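A.B. asks: To start, I am sharing the structure in question, which I have written as structure tokens.
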Amino acid sequence: MSTLVIEREALARKVLFNQDSFTVLLDDGRTLSVPLTWFPRLLHASRDELENYELIGDGQGIHWEDLDEDISIEALIAGKGSNESQKSLEKWLKGRNRSNPIMD
């Protein structure tokens, strides 16, 4: 059995968005494209909310203050989406003043 050993941590440098996904540009030249459906808070966000992100930990993660969302690059590389419960998401959605998703 082989074990994956990561010799160097990839860091985010920029995040780009389109209608149904986001792309993370990494410092090692790779790009990660992730469906917004993996992260329901991003799926329900306006364009302004999506683009108001901050790279945290020198690019180890992405933080959206307006959405109360944090995503690690390590998790994206591993193919992990949000683990937020439906109940938590529904509570968050009720507290929002917006009803229209990304392309507002």
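The values are calculated or read from the model by the stated rules, or taken from the named source; none is laboratory data. Not measured: the values here are computed from a predicted model. With ideal geometry, Cβ positions are generated from the backbone for all residues, glycine too; neighbour counts draw on all protein chains shown.
Let's see how each residue does on (1) in contact with a Pro (Cβ under 9 Å, 6 or more places away or on another chain); (2) surrounded by fewer than 17 Cβ atoms within 10 Å (Cβ to Cβ):
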{"site": "PHE22", "(1), (2)": "yes, no"}
{"site": "GLY29", "(1), (2)": "no, yes"}
{"site": "PHE39", "(1), (2)": "no, no"}
{"site": "HIS44", "(1), (2)": "yes, no"}
{"site": "ARG47", "(1), (2)": "no, yes"}
{"site": "ASN52", "(1), (2)": "no, yes"}
{"site": "ASP58", "(1), (2)": "no, yes"}
{"site": "ILE62", "(1), (2)": "no, no"}
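A.B. asks: Which condition from (1) within 18 Å of LYS80 (Cα to Cα); (2) at pLDDT below 95; (3) not basic (Lys, Arg) is the one that PHE39 breaks?
C.D. replies: (2)
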